[in-house]
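Structure, as structure tokens:
Read-outs throughout are calculated quantities, based only on the coordinates presented, and are distinct from any laboratory measurement. From a predicted model like this one, the values you see are computed outputs, not experimental measurements. Cβ placement follows ideal geometry from the backbone for every residue including glycine, while neighbour counts extend to all protein chains displayed.
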Amino acid sequence: DTKAKTDDDRVIYYAKDRVETFVAILITIVIMALLVIPIYALFKLCMNAPPGKVPVLAIGVLLVFMLVFSAVLSAFTRAKRHEILGASAA
């Protein structure tokens, strides 16, 4: 039992499977947010931007979020380079 590892009441040990489940859920939420937020940002930009600036702003938003999405996948998963490229391209 994890309670037997310490006598200090302020220290809490969590089971490895609980931590892994929490991290998996957290990563899923972050990745889903990184897929949904750009759509909302593009919608708002297209509604408020001057007509000539929309393509430039749209490409900028897509590029930034694609890079952030790739960085999150690279940092928090064990995905290989070609898997990250495929996920970003999709």
Discussion item. About the Cα centre, and with charges only on the beta carbon of Lys, Arg (+1) and Asp, Glu (-1), how big is the dipole of the chain? Nearest 20 debye, please.
Written reply: 360 debye
Practice prompt. Calculate how steeply helix 16-48 sits against the longest principal axis of the alpha-carbon atoms of the chain, using the helix alpha-carbon long axis, and give the answer as 0 to 90 degrees to the nearest 10.
Written response: 20 degrees
Item to complete: State the extension gain, in nm to one decimal, for the chain segment bounded by Met32 and Ala89, taking 0.36 nm per residue of separation less the distance between their alpha-carbons.
Response: 19.0 nm
Discussion item. Along the charge dipole of the range 2-89, pointing to its positive end and built from +1/-1 on Cβ of Lys, Arg, Asp and Glu, which listed residue (Gly52, Ala79, Phe65) has its Cα farthest out?
Written reply: Gly52
Worksheet, complete the sentence: Nearest 10, in degrees from 0 to 90: the angle of helix 54-76 to the longest Cα principal axis of the chain is 20 degrees
